[in-house]
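Below is one structure, written out as structure tokens; the observations come after it.
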Amino acid sequence: MKIIFSYGLGLDSTAILLRWLTDPASRWFDLRDLVVVTAQTGDEWVETAYLVEQHIYPLLARHGVRTIQVARTGRRQADGIVILDDTTHPILCLTSAPGAYRLSEELLSVATVPQSGGIRKCSLKFKGWVLDQVIAQIVGDEEFVHVVGFEAGEVKRMFRDMPLGPGTRIPSYPLIEWGWYRDDCEQYVLDQLGVRWPKSACVQCPYAFSLAEGRDRTIPRYLANPHEALLGLTMEHLAVAMNPRQGLLAGQQLYDLIASDPDSGPLLDMFDRHLDRMPWAIYDVRRAMAAKPGDAMARGQTHRSLELLVEGSRADVLAHLDRAAYLLGRDVETDGRHHRVWLRTRNLYYPCVEHVLTAAPALAHDKTYRSFETAWLAGLNGPAQLSLSF
């Protein structure tokens, strides 16, 4: 029977692999039956890849353990998956997912950021679904053991996970069976390898900032790896340009959090130069917001239309926006980083609409959501009232 181990590259799953590979008594199976599978999002920290290549892949290669790295091929499920590497002698941890469809590629193309609340849709799409596809290719209709790296403090997650997947899936949770909490994993890896293994995450993951501990850990990581910080900052800049209510952090922008660090000057200067080097555009952004059933003061579903109007350098695009504002008899709203001309602002009651011309890096693609025109007309005909100010 195949033992499929979903290796997320982080501390918990690393502790499991390390113990299995160095302590045969800790496992019930032959390593010839083990298949280690990693779903690459394309945005994992490079530091994580270095640690895996230095400490884990040599062990897997020494024991000849089949190691597979896989990623999405495109936005749609019909695009399928791509096998980045399938070997018993792994050497490179392909966190950049060369030739694959990256999570950041999708987020930038639609000018949005990962959501910090509710279902982790990005994880389901770029990890969960990808793993399901490759596991199906490996095991077919046969029974298999699926090893998941939940630690002893995640028993509730275990119970939610147990019934998932096909009937041939036999879930296994070694850390819970061993009674290992995250601190136990950290100490074990430190004792075995002499390193403090970081938490695996995409560089732009908002969950890294959900707690003060995560913020204290991630901001120094950004300052030490400025080129990776640029991805999150660029993604947020684009999203906030389209919608000032967005931000990589719930209720706060990543830029402001980084700026609060006294050592952030060089990184923020680099980011400004990065923006200067990029092609820019003026976007026409329209939103139509429905009311929740029975409550005209509660926002329901939002439909958006995004259209790129003009491209050029940053300076040329900002000058073009100033000229457009003058011709329209409007003011340019700016916070020093973003520049917008509001043509319509949303109302207090729903349904309503908002319409803005905004300047941002030319990274997003034209996209009008289904049923937008119907929702737009409904918003235009919504309750008449004073508009909300920003």
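Of note:
- Some residue of the range 129-148 being within 25 Å of Leu211 (Cα to Cα) and either basic (Lys, Arg) or not in a loop (DSSP other than H, G, I, E, B) (or both): no
- Residue within the range 248-255 that is of a type in the set (Ser, Thr, Tyr), surrounded by fewer than 19 Cβ atoms within 10 Å (Cβ to Cβ) and more than 30 Å from Tyr350 (Cα to Cα) present: no
- Of the residues making up the range 220-247, just one is among the acidic types (Asp, Glu) and farther than 27 Å from Glu333 by Cβ, namely Glu228.
- Flag if Ala39 is aliphatic (A, V, I, L, M) and closer than 28 Å to Arg196 by Cα: yes
- Scanning the range 201-226 for residues that are among the polar types (S, T, N, Q) and either under 16 Å from Pro114 (Cα atoms) or part of a helix (DSSP H, G or I) (or both) gives Gln204, Ser210, Thr218.
- Pick from the range 128-155, criterion charged (D, E, K, R) and either at pLDDT 90 or above or surrounded by 12 or more Cβ atoms within 10 Å (Cβ to Cβ) (or both), ranking: farthest from Glu186 (Cα to Cα): Glu142
- Considering residues of the range 341-369 that are aromatic (Phe, Trp, Tyr) and more than 29 Å from the chain's Cα centre (by Cα) only, the residue surrounded by the fewest Cβ atoms within 10 Å (Cβ to Cβ): Tyr349
- Whichever residue in the range 48-74 is touching an Asp or Glu at 6+ places or on another chain (Cβ under 9 Å) and within 30 Å of Tyr222 (Cα to Cα) and, among such residues, is surrounded by the most Cβ atoms within 10 Å (Cβ to Cβ): Arg72
- Residue check, Thr38 assigned by TED's automatic domain parsing to the domain that holds Arg182, crowded, with 20+ Cβ neighbours inside 10 Å, assigned to a strand (DSSP E or B) and in contact with a Pro (Cβ under 8 Å, 6 or more places away or on another chain): no
- Residue in the range 75-94 that is farthest from Leu34 (Cα to Cα), counting only those that are surrounded by 14 or more Cβ atoms within 10 Å (Cβ to Cβ) and either of a type in the set (D, E, K, R) or in contact (Cβ under 8 Å) with a residue 60 or more places away in the chain (or both): Cys93
- Of the helices (runs of 4 or more DSSP H) that lie entirely inside the range 244-332, those containing 1 or more residues that are farther than 30 Å from Gly214 by Cβ, aliphatic (A, V, I, L, M) and modelled with pLDDT of 95 or more span 314-328.
- The listed residue being touching a Ser or Thr at 6+ places or on another chain (Cβ under 9 Å), of a type in the set (Val, Ile, Thr), under 19 Å from Thr112 (Cα atoms) and modelled with pLDDT under 95, out of Thr368, Thr345: Thr368
- Against the numbered list (1) over 24 Å from the mean Cα position of the chain (by Cα); (2) more than 29 Å from Ser96 (Cβ to Cβ); (3) not aliphatic (A, V, I, L, M), Arg160 comes up short only at (1).
- Yes/no for Val155 being among the aliphatic types (A, V, I, L, M) and in contact (Cβ under 8 Å) with a residue 60 or more places away in the chain: no
- Residue in the range 291-300 that is without any contact (Cβ under 8 Å) to a residue 12 or more places away in the chain and within 21 Å of Arg245 (Cβ to Cβ) present: yes
- Residue within the range 60-73 that is modelled with pLDDT under 90 and part of a loop (DSSP other than H, G, I, E, B) present: no
- The lone exception for Val113 - which of (1) buried (at least 16 other Cβ atoms within 10 Å of the Cβ); (2) in a helix (DSSP H, G or I); (3) within 15 Å of the chain's Cα centre (by Cα) it fails: (2)
- Of everything in the range 349-363 that is out of contact with any Leu (no Cβ under 6 Å at 6 or more places or on another chain) and part of a loop (DSSP other than H, G, I, E, B), the residue that is modelled with the lowest pLDDT is Tyr349.
The values are calculated or read from the model by the stated rules, or taken from the named source; none is laboratory data. Keep in mind that this is a model prediction, so the values were computed, not measured. Reconstructed Cβ throughout: ideal geometry from the backbone, glycine too, with neighbour counts over all protein chains shown.
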